[in-house]
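Structure, as structure tokens:
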Amino acid sequence: MNVLEKWNITSDQLTELLDENPSLRGILFGYVAELKLKEIVATIPDVSYLIKFDDHDRKKKGDLSIVYKGRAFSLESKSLQSAVVKWDDQNNCWQGRVQVDASDRRNVQLPDGSNLTTTLLLRGEFDILAVNCYAFNKEWQFAFARNKDLPYSNYRGYTEEQRKWLIASLIPITWPPVLPFYDDLKELLNVMVEDE
């Protein structure tokens with residue numbers, strides 16, 4: 001029995017609920033993106049392990065954990081901000097931004113010993129950012145980047161040393177992607193394995 005049968009609603013009613021409730025649509029869309037990401041990861045031959053993390057574990061960031069060629073990687077899944085997506089005629093590409101932060105504020109301790117309350121994610125807190133780029137052309141495609149290659153926060157309320165450990169909350173992205181983003185997860189994984 002599917003969810004429509006369980007809840008005794010039609011697909012039109014579910015669509016209406018999603019259209020009328022952007023928060024509900026955003027939550028469901030994020031989980032669908034994770035499902036699509038798992039499908040991509042499952043096609044990579046050298047992945048020997050794949051598990052989804054507990055969403056409520058605020059100490060462990062990353063939505064998926066995989067083992068590739070014997071090395072563990074955590075992937076953090078994020079989506080484009082669909083309201084700012086646009087086609088760039090001059091560069092012949094899609095442009096947008098991805099919001100890369102935690103869902104709520106939390107206390108973090110940085111390597112310099114300082115403590116902050118922030119929604120920003122940390123350098124080294126996960127291995128790979130997986131950006132769902134569906135909003136560009138209505139296809140389930142992702143762009144991937146190493147955590148260490150992401151831009152850091154430029155918020156002036158943090159010291160220069162603190163900013164080095166805090167990932168920017170809004171990161172520009174294009175399709176086709178340009179470095180530090182890759183459109184092929186296996187290619188990025190190989191680069192990361194070779195860099196060790």
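Bear in mind that the values in this text are calculations on the coordinates, not laboratory data. None of the values given here were measured: they were computed from a predicted structure. Every residue, glycine as well, gets a Cβ built from its backbone with ideal geometry; the counts of neighbours run over all protein chains shown.
Over region 89-196, the hull volume per residue, using the convex hull of the C-alpha atoms, is 123 Å³.
Over the residues of the chain, the helix contribution to mean residue ellipticity at 222 nm works out to -8000 deg cm²/dmol, using -39500 (n - 2.57) for each DSSP H run of at least 4. Rounded to the nearest 10 degrees, the inclination of helix 185-195 to the longest alpha-carbon principal axis of the chain is 20 degrees.
For the chain, the relative contact order is 17 percent, taking Cα pairs closer than 8 Å that sit 6 or more residues apart in sequence and dividing their mean separation by the residue count. Ordering 68-78, 90-100 by mean Cβ neighbour count within 10 Å, with the highest value first, yields 68-78, 90-100. Can you flag which of K148/K186; K52/K186; K36/K86 are past 21 Å Cα-Cα? Beyond 21 Å: K36/K86. Place +1 on the Cβ of every Lys and Arg and -1 on the Cβ of every Asp and Glu in region 117-185, take the dipole about the Cα centre, and give the residue among T174, G157, A145 whose Cα lies farthest towards its positive end. Going by the Cα projections, it comes out as G157.
Over the chain, the Kirkwood radius and the radius of gyration, each from Cα atoms, give a ratio Rg/Rh of 0.99.
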